[in-house]
Amino acid sequence: MQDILKAVIPILVACIAWLLGQVSSFQTRLTQIEGKMPALITAEGVPTDSPISAERRAKMREELYKELHDLHVRVKLLEERGKK
């Protein structure tokens, strides 16, 4: 029985050391991932835009402004035709 314990103890120590190394590695990777992520919520708890969604929203806003301008021009032309 003692021979078995003497043989198993180094294996257990090696397993624990490997496990601690993996936890440390995981923690390092998690810190790197968190550092690369944009802050999506401010310290006050207000959600912020990701760069991708902010860019898409800006493009949509620009397209809506163009369409709105076109509609204003069309309305003016129709009003001028109606006056004639």
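Being hydrophobic (A, V, I, L, M, F, W, C) and open to solvent by 80 Å² or more (accessible area, probe 1.4 Å): is that true of residue 5 here?
Criteria met by residue 5.
Counting only residues that are surrounded by 10 or more Cβ atoms within 10 Å (Cβ to Cβ), part of a helix (DSSP H, G or I) and not polar (S, T, N, Q), how many does segment 30-56 have?
Counting residues in segment 30-56 that are surrounded by 10 or more Cβ atoms within 10 Å (Cβ to Cβ), part of a helix (DSSP H, G or I) and not polar (S, T, N, Q) gives 4.
Return a yes/no flag: does segment 64-73 have any residue that is open to solvent by less than 100 Å² (accessible area, probe 1.4 Å) and hydroxyl-bearing (Ser, Thr, Tyr).
no
If you go through segment 39-47 one residue at a time, do you hit one that is β-branched (Val, Ile, Thr) and out of contact with any Ser or Thr (no Cβ under 8 Å at 6 or more places or on another chain)?
Among the residues of segment 39-47, at least one is β-branched (Val, Ile, Thr) and out of contact with any Ser or Thr (no Cβ under 8 Å at 6 or more places or on another chain), which makes the answer yes.
The values are calculated or read from the model by the stated rules, or taken from the named source; none is laboratory data. As the structure is a prediction and not an experimental result, all values here were calculated from the model. For neighbour counting, all protein chains shown are included, and Cβ atoms are generated from backbone atoms with ideal geometry for every residue, glycine included. Heads up: the accessible areas ignore ligands, DNA and RNA and are worked out on the full protein's heavy atoms, side chains in. Shrake-Rupley method; radii C 1.70, N 1.55, O 1.52, S 1.80 Å.
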